[in-house]
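Below you'll find the structure, written out as structure tokens, and then a few comments.
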Amino acid sequence: MKNTDTPDNIPYQLIFEEQNGTLTDEDKVILETWKAEATENLNTYRQIIDISEDFSLLEIRNGLNPEKSWEVLSQSIFSKEEVENHIKLKPAKISYIKWMAAAAVLLIVGLAIAVNMRSWIDTQYFQTGINEHKQLILPDGSEVFMNQNTSLRYNNKEFMKSRNVEFIKGEAYFKVIHDLNSPFLIRIGELDVMDLGTSFNLCVDPKATTVVVSSGKVAMKQHKTQEKIILKESDKGIFNKSTQTLVQHKNDNINYKAWYDKTLHYQQTPLGDVARDLEQVYGTRILFGNDALKERRLNGYYKNKKADEIIEIIGSTLNLKVTKKDNQYLFENP
């Protein structure tokens, strides 16, 4: 019969052997007796079993080095003299104590992972790829329209309490339902964007975070300096990641959300700027036969049209020769 005493009276080894299918009938009686002694023992046993099932604990345990586990654990809880005294124990006792230490270390790690796993399980993660768009309806009814190459996440279980979204990268258009008692908060690294009941476009790239407000108000607040700006309709706020500064001014780009509403409006706009918009909105690249063509001016309004339709209209309007190859277009003089 094995010695089942442990510092906290938890027979780790018997529990692990039961899970491995190697527990003897004699030790099974011991384990069952321990479980029946107190409700706390039974709860502890169930907790260990849950961890074992959820995180493949037995596989980790089987690959564990008991010598290393004992060395690390003993150095942290015993003095050098005490460790030497433990080493003088009988071989069979040493082996068990080492496995007990390994089991204890593993249980602590498993419990920590379990806490984090619960958070991970409750976290909803969304992302889009190249030329992919996605619409989300958040638990409070707010809408998020994700542009390509965008990712964000939120805790589904806690969302209605905090209304927090972690925005990782990319671009999205938000239509937020106003709740005076629960502001809508977007966390972006060192910056918070708080919606005060509005719709707005948010773009996060390696250099800056940009917010353009369509309606209502939005607050941008930096963590480090606590600097804050309040944006109103048609305002643009920019957080420069290099200088760690916040600035605001009137938005001068009427096509800032064209990727979302597929509406493009041009008034004497250089063709080079038009080409940039078409690439951002449709993923369509436009090349020019010469740089002078980039300065040609375009007037036009395009609503819910496909990229090839717009390009055909531009070619006709400006009398250009348009050649298509794969997903690229070449503008040349006729």
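No value in this document is a laboratory result; all are computed from the given coordinates. Here the structure is a predicted model, which means the values were calculated and not measured. FYI the Cβ positions are ideal-geometry reconstructions off the backbone, even for glycines, and counts take in every protein chain you see.
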Could you work out the local net charge near Q148, counting Lys and Arg as +1, Asp and Glu as -1, over the other residues with Cβ closer than 12 Å to its Cβ? -1
Can you compute 3J(HN,Hα) from phi for each residue in segment 151-163, using the Karplus curve 6.51 cos²θ - 1.76 cosθ + 1.60 with θ = phi - 60°, rounded to whole Hz and x for Gly and Pro? 9, 7, 7, 7, 8, 5, 6, 9, 4, 5, 7, 10, 6
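Just order 182-194, 155-167 by mean Cβ neighbour count inside 10 Å, highest at the front, would you?
For the peptides 182-194, 155-167, the packing ranking is 182-194, 155-167.
Below 11 angstrom from the Cβ of Q222, what's the summed charge of the other residues (Lys, Arg +1; Asp, Glu -1)?
Summing Lys/Arg as +1 and Asp/Glu as -1 gives +1.
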Listed pairs K236/K294; K250/K305; K257/K303; K175/K217; K257/K306; K134/K257 exceeding 20 Å between Cα atoms: K236/K294; K250/K305
Tell me, what is the percent relative contact order of segment 128-250, built from C-alpha pairs under 8 Å that lie six or more residues apart? 16 percent
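For P183, what charge total do you get from the other residues with a beta carbon under 9 Å from its beta carbon, if Lys and Arg give +1 and Asp and Glu give -1?
Local net charge: -1.
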Return the whole-Å distance between the Cα centroid of segment 148-225 and the Cα centroid of segment 256-334. 31 Å
Inter-label distance, nm, simple model (7 Å from Cα along the C-beta direction), L136/Q280: 2.2 nm
Short version: ³J(HN,Hα) in whole Hz for each residue of segment 221-235, in order, from phi by Karplus 6.51 cos²θ - 1.76 cosθ + 1.60 (θ = phi - 60°), x for Gly and Pro, what are they? 9, 8, 5, 5, 9, 6, 5, 9, 10, 10, 9, 10, 3, 6, 8
When the Kirkwood radius is taken over all Cα pairs of segment 128-250, what Stokes-Einstein diffusion coefficient follows at 25 °C and 0.890 mPa s, in µm²/s? 170 µm²/s
